[in-house]
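The values are calculated or read from the model by the stated rules, or taken from the named source; none is laboratory data. Values in this document were obtained by computation on a predicted structure and should not be read as measured data. Note that each Cβ is placed from the backbone with ideal geometry, even for glycine, and that neighbours are counted across all protein chains shown.
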Amino acid sequence: MLQIENFINGQFVPPASGSYFDNIEPATGQVYGRIPDSDATDVQQAVAAAEAAFPAWRALAAEKRGRLLVRIAELLERDLERLARIESIDNGKPLAAARTLDIPRAASNFAFFGTAAQHFASESHFQEGLALNYTVRHPLGVVGCISPWNLPLYLFTWKIAPALAAGNCVVAKPSEITPATAYYLGELCQEAGLPPGVLNIVHGTGPRAGQAIVEHPAIKAISFTGGTRTGEHIARTAAPMFKKLSLELGGKNPNLIFADCDLATAVRTSIQSSFSNQGQICLCGSRIFVERAIYEPFKAEFLAQTKALTIGDPLEESTRQGALVSEAHLHKVLSYIELAQTEGGTMLAGGHQVRLTGRCADGYFLEPTVFEGLAPDCRTNREEIFGPVVTLTPFDTEAEAIAWANGTDYGLSATVWTRDLDRAHRVAHQLHSGIVWVNTWLLRDLRTPFGGMKSSGVGREGGLEALRFFTEPQNVCIKL
Ligand code: NAD
C-alpha cells in the first residue's frame, strides 16, 4: 500500500485532518494506495513555509537556483525507469509512453528552466538625451500550481520549474487521481538539496485543497491546467483578488488533411494524435477532416491501423493502449459513444469496453473508436470527450474545412496536412488555435508559447512567456 504524504517545508507530513482517501490503479480497478485529504489548514502550513523560504530563495543568484533545478532534472533522469513504472501504474498509461514521453519531459522541464533562469534578461529603453528606462522583473512571492491527471509529472513540473526558476516559492497540488510521481518528486527535491519551503506539495481534492490554494490571499498567482469548467470556477474566485492567472484548459482539436499530403505519414501521425495516452492528451486531434479525393483511402488505412493497436496491461512492453484513468472517466467516454450513435454517427471501429483477463480483469479499458457521418456542429463534434474517440468527416473546399475546424468554443491546437507551402501558411493563419502543427503533431520546442485561444485558456506557458508570467515587471525611468 503506497501511503502518500504532503511535502511541506522539506518534510513529509500527514494531513492536518488525519484523513486519507483511496488511490486506485486504473489497469486493475484495485485500491493500491492512500492519498491525504488535505484542506485549508495544510495549505496554510505550506504557504507559511513558502513565505519563510522566499527571501533567501529570491536572493540566491540565478545561477545557483538554476543549478539546483538542473540537479533535480539529473535525478529525474537517473530514476527514469522507476518513475515511469510509478506513472504507468498510477495513470493506466503504457509504460512505454511514460518512459519515452512523461518522465523525460519532466526532466527536460527542470533542465530547460534551470538554464533559462540565467538567460532571462531585463529590458531597457534608451531615449537619446532624455531618459533611460529599465525594467526589473521581480518574483511574485508565493505562487500556486494546480495540474491534471493526464500527463501527471510532465504537466506538474511544466509549472513548478519556471515558477522556481523565476525566484518564487511554490505551493503545488497534483491531481488527486494521479498523485504518485508528485510524491516522489518531493524525495528528489530533498536529495537535490532544494531549501525547505521552496517547493511545497499538498495532496487532496480540487474542491478542498485546490480551492484553498486559489482562495489563499498570500498566493499571488495561479497557474492551472485542467478542465474548462474548473478554469472558469478558478477565475471567478481568483480574479476579484487580482491574482495573476494562467489557465490551460480543454480542447477539441481538428486535423485538416488535404489531398496533396503525404498520406502514409498523415495516417500514421493521426493515429498517434487520436489515440496516444488513450486519447487523453489535451492536444489530441479528435475531429479529422479529410479532403474528399482521399477520404476513402485515408479511412481504409486509418481503420486498419486503429484496429491493430494492442490494448493490454500497461506494464507489458507490447501495449499501445492502456487503461482510461478512472471508472468515472470510462463511463463519461462511453456516454459520448452512445451520444454519437443517437446523433446519427456510424461506428466504424471500437465503441466497446474491453475485458482483459488476469491481473487487469477489472481495469478500465476501451477500444479505440472511430465514427463517421456526424454533422460538424453536433455535440460529439463540439464537446471535449478526452478519450480514444474520433470522428472522420470529408470536406470539399479549404474554406469549408477552416470553418468547421473553427466551429467549436475551443481553440487549443490544430494540425494541417499539405505539401502546398502557400496553403500551409494561409490555413494556419486562419485557424483559431494557439498551436498549429503542419505535417507533424506534438513536436515541441520548450521556448515556444504554449496555450489556447477561446475556451481553451488564458495566457501562455513555455519559454520566456512562463518566466514573464511568474514575475512582476517594474519599470525604472531615469532622466538623463
Ligand atoms: P480538472 O479540472 O478536473 O482538474 C484539474 C486540477 O484542478 C486537479 O488537480 C483538481 O484537483 C483541481 N481542481 C478541481 N477543482 C478545483 C477547484 N475548485 N479549485 C482548485 N483546483 C481544483 O481536470 P482533469 O480532469 O484533471 O484534467 C482533464 C482536463 O484537463 C481536460 O479538459 C484537458 O483538456 C485539460 N488539459 C489541458 C491541458 C492544456 O495544456 N491546455 C493539458 C492537459 C489537460
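Taking residues in the range 197-215 that are outside any helix (DSSP H, G or I), and partners anywhere that are among the charged types (D, E, K, R) and buried (at least 24 other Cβ atoms within 10 Å of the Cβ), the pairs with Cβ atoms closer than 8 Å and at least 6 places apart or on different chains are I201/K173; V202/D42; V202/K173; H203/K173; G204/D42; G204/K173. Hey, can you tell me all the residues within the range 278-295 that are more than 9 Å from N253 (Cα to Cα) and either in the same structural domain as Y154 (by TED's automatic domain parsing) or part of a strand (DSSP E or B) (or both)? Residues satisfying the conditions are F289, V290, E291.
Looking across the range 207-217, the residues that are surrounded by fewer than 21 Cβ atoms within 10 Å (Cβ to Cβ) and within 6 Å of the ligand (Cβ to nearest atom) come down to P207, Q211.
What number of residues in the range 76-111 are basic (K, R) and closer than 20 Å to L366 by Cβ?
Of the range 76-111, the ones basic (K, R) are 78, 82, 85, 93, 99, 105.
Checking the rest, the ones that are also closer than 20 Å to L366 by Cβ come to 93.
Total satisfying the criteria: 1.
Only residues that are assigned to a helix (DSSP H, G or I) and touching a Phe, Trp or Tyr at 6+ places or on another chain (Cβ under 7 Å) were counted in the range 102-122, giving 4.
Within the range 115-152, the set of residues being within 16 Å of the ligand (Cβ to nearest atom) and in contact with a Leu (Cβ under 7 Å, 6 or more places away or on another chain) comprises S147, P148. So for the range 257-270 (the condition being within 16 Å of the ligand (Cβ to nearest atom) and modelled with pLDDT of 95 or more), does at least one residue qualify? Scanning the range 257-270, I find no residue that is within 16 Å of the ligand (Cβ to nearest atom) and modelled with pLDDT of 95 or more, so the answer is no.
Test A48 against the criterion of being buried (at least 19 other Cβ atoms within 10 Å of the Cβ) and not hydroxyl-bearing (S, T, Y), and give yes or no. Don't jump to the end; show me each part of the working.
Details: buried (at least 19 other Cβ atoms within 10 Å of the Cβ): no; not hydroxyl-bearing (S, T, Y): yes.
Taking the combined requirement at face value, the residue does not satisfy it.
With respect to the conditions (1) of a type in the set (F, W, Y); (2) more than 10 Å from the ligand (Cβ to nearest atom); (3) assigned by TED's automatic domain parsing to the domain that holds I146, F275 falls short on a single one, namely (3). Are any of the residues in the range 126-135 under 15 Å from the mean Cα position of the chain (by Cα) and among the acidic types (D, E)? No - not one qualifying residue is present in the range 126-135.
Against the test of being within 17 Å of the chain's Cα centre (by Cα), more than 11 Å from the ligand (Cβ to nearest atom) and assigned by TED's automatic domain parsing to the domain that holds F470, the options L245, L199 yield a single qualifying residue, L245.
For the range 83-100, the criterion of being within 21 Å of V70 (Cβ to Cβ) and in contact with a Phe, Trp or Tyr (Cβ under 9 Å, 6 or more places away or on another chain) is satisfied by at least one residue.
From F54, F21, which residue is at pLDDT 95 or above, on the phi < 0 side of the Ramachandran plot and touching an Asp or Glu at 6+ places or on another chain (Cβ under 6 Å)?
Details: F54 fails: touching an Asp or Glu at 6+ places or on another chain (Cβ under 6 Å).
Selected residue: F21, the only one of F54, F21 that is at pLDDT 95 or above, on the phi < 0 side of the Ramachandran plot and touching an Asp or Glu at 6+ places or on another chain (Cβ under 6 Å).
Being away from the ligand (no atom under 16 Å from the Cβ) and among the charged types (D, E, K, R) is true for just one of R444, R419. Which residue is that? None of the others qualify; the one that does is R419.
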